[in-house]
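Visitor: The structure under discussion is supplied below as structure tokens; questions concerning it will follow.
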Amino acid sequence: MRVVIGVIGPEDKLREKPLGAFPGVESVTPVLKPHKLVAYEFRRTFSNIKIGDVTVGGKDVVLIAGPCSVESEEQITSIAKIVGKAGARILRGGAFKPRTSPYSFQGLGKLGLEFLAEARKQTGMPIITEIMDTKDLELIAEHADCLQIGARNMQNFSLLREVGRSKLPVMLKRGMAATVKDLLMSAEYILSEGNFNVLLCERGIRTFETMTRNTLDLNAVPLLKSETHLPVVVDPTHGIGIREFIPAMALAAVAAGADSIMVEVHNAPELAKSDGEQALLPGQFQDLVERVRAVASAIGRSL
Ligand code: PEP
Ligand code: MN
């Protein structure tokens, strides 16, 4: 039994203190990485993050599924039932959508959050939804079990600090032109405000490749697992963006060590208001769950 105390602050000030000379101090280990709180060395054990009653970061690989956007109460509740029955543990769906064009569907906002809460009531699944603006935190926190910070906001530092002051878990997605180090430093902003319930999500980066929506950087998975104690989520949907190839990348992500997989699923993708072309159909998702179970068990994990 030993107590590990993490000390942060200006390095020059810390260096002035002879910490090792205090009674009861066995040793002083400098954590030299600039991302001190997110560094694996800070905890020397992997963090388990609770989203509702679901734990991410343990032996179980957790599936997060749902539509890109919440479109109606009927849409989100029916998809929630489909993915929940198939084996998803957490429901996703955007109420505030970051869209490239201001003329595209922007999400239902507050109404979307209410529909998500209704879907949770009917299925028992905790929900994750995106926050784009600090002014929406209170409202979203009333309805959601986990906040998502999207790729486009990974370096929105005021938003990172604000969710850091919240108690809710936060899934931070990697920016499309961000390095793994950038992702870790952005997570550090959240932890430095006191919120240690952070999950990191690899969702593909922009490369010179044009045949896929993004390039899913699975290198990031073992790298993150060695650099940080935080759980790693992989989103193959935005990572490759082509429906038929999403399952292959999901399986590869599990094999690489991802703690959780997030995929978009829609029961009528031709009518979807966003990302319909990359949504898995219910049957494809059911099939994927069984294959994820097989890969998870091959590497000593469960579903
Ligand atoms: C999403 O999850 O629907 C989304 C907008 O993702 P990203 O921020 O990774 O583009
Ligand atoms: Mn989407």
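Visitor: Evaluate the following for GLY109: is it within 16 Å of ligand 1 (Cβ to nearest atom), within 17 Å of ALA95 (Cβ to Cβ) and surrounded by fewer than 19 Cβ atoms within 10 Å (Cβ to Cβ)?
Guide: Here the answer is yes, as GLY109 does meet what is asked.
Visitor: If the requirement is being buried (at least 22 other Cβ atoms within 10 Å of the Cβ) and away from ligand 2 (no atom under 16 Å from the Cβ), which of these qualifies: ALA253, ALA248, ALA177?
Guide: ALA253
Visitor: So, of the residues in region 258-280 that are in contact with a helix residue (DSSP H, G or I) (Cβ under 8 Å, 6 or more places away or on another chain) and assigned to a helix (DSSP H, G or I), which turns out to be nearest to ligand 1 (Cβ to nearest atom)?
Guide: Filtering first and then ranking leaves GLN278.
Visitor: Going through region 121-171 one residue at a time, which ones are more than 16 Å from ligand 1 (Cβ to nearest atom), hydrophobic (A, V, I, L, M, F, W, C) and farther than 15 Å from LEU183 by Cβ?
Guide: MET125, LEU137, LEU139, ALA141, LEU168
Visitor: Suppose the filter is modelled with pLDDT of 95 or more, open to solvent by less than 10 Å² (accessible area, probe 1.4 Å) and among the hydroxyl-bearing types (Ser, Thr, Tyr); does SER260 pass it?
Guide: So SER260 passes the test.
Visitor: Let me ask you something else. Within the set of pairs 6+ apart or on separate chains, which have a first residue in region 226-240 that is within 21 Å of ASP60 (Cβ to Cβ), a second that is part of a helix (DSSP H, G or I) and within 14 Å of ligand 2 (Cβ to nearest atom), and C-beta atoms under 7 Å apart?
Guide: PRO236/ILE246; THR237/ILE246; THR237/GLN278
Visitor: Out of (1) within 16 Å of ligand 2 (Cβ to nearest atom); (2) under 20 Å from LEU147 (Cβ atoms), what's the single condition that is false for PRO126?
Guide: (1)
Visitor: Restricting the search to region 215-237, which residues are in contact with a strand residue (DSSP E or B) (Cβ under 8 Å, 6 or more places away or on another chain) and either open to solvent by 50 Å² or more (accessible area, probe 1.4 Å) or under 21 Å from LEU288 (Cα atoms) (or both)?
Guide: Selection gives THR215, LEU216, ASP217, LEU218, VAL221, VAL232, VAL233, VAL234, ASP235, PRO236, THR237.
Visitor: Okay, next question. As an exercise: evaluate GLY66 against (1) closer than 17 Å to VAL170 by Cβ; (2) surrounded by 24 or more Cβ atoms within 10 Å (Cβ to Cβ) and give the number of the one condition it does not meet.
Guide: (1)
Visitor: Out of the residues in region 92-106 meeting the condition of being away from ligand 2 (no atom under 12 Å from the Cβ) and closer than 25 Å to ARG165 by Cβ, tell me which one is surrounded by the most Cβ atoms within 10 Å (Cβ to Cβ).
Guide: Restricting to residues being away from ligand 2 (no atom under 12 Å from the Cβ) and closer than 25 Å to ARG165 by Cβ, the top hit is ALA95.
Visitor: For LEU280, are the conditions met, namely being open to solvent by less than 10 Å² (accessible area, probe 1.4 Å), within 16 Å of ligand 2 (Cβ to nearest atom), of a type in the set (A, V, I, L, M, F, W, C) and more than 30 Å from LEU191 (Cβ to Cβ)?
Guide: yes
Visitor: Related question: Would you confirm, using the coordinates I've provided, whether ILE205 is within 15 Å of ligand 1 (Cβ to nearest atom) and open to solvent by 20 Å² or more (accessible area, probe 1.4 Å)?
Guide: Considered against the rule, which asks whether it is within 15 Å of ligand 1 (Cβ to nearest atom) and open to solvent by 20 Å² or more (accessible area, probe 1.4 Å), ILE205 comes out as yes.
Visitor: Report, by residue number, each residue of region 1-44 that is surrounded by fewer than 15 Cβ atoms within 10 Å (Cβ to Cβ), in contact (Cβ under 8 Å) with a residue 60 or more places away in the chain and among the β-branched types (Val, Ile, Thr).
Guide: ILE8
Visitor: Going by the conditions given, is SER47 at pLDDT 95 or above, among the small types (Gly, Ala, Ser) and exposed (fewer than 14 other Cβ atoms within 10 Å of the Cβ)?
Guide: So SER47 does not fit the description; no.
Visitor: Which of (1) closer than 17 Å to ASN267 by Cα; (2) assigned to a helix (DSSP H, G or I); (3) among the aliphatic types (A, V, I, L, M) does ALA117 not meet, given it meets every other one?
Guide: (1)
Visitor: Test ALA255 against the criterion of being free of Cβ contacts under 8 Å to residues at least 24 places away in the same chain and more than 16 Å from ligand 1 (Cβ to nearest atom), and give yes or no.
Guide: So ALA255 does not fit the description; no.
The values are calculated or read from the model by the stated rules, or taken from the named source; none is laboratory data. Please read these numbers as outputs of a predicted model, since none were measured by experiment. Here Cβ is always computed from backbone atoms with ideal geometry, including for glycine, and neighbour counts include all displayed protein chains. SASA here: full protein model, heavy atoms, side chains in, ligands and nucleic acids out. Shrake-Rupley method; radii C 1.70, N 1.55, O 1.52, S 1.80 Å.
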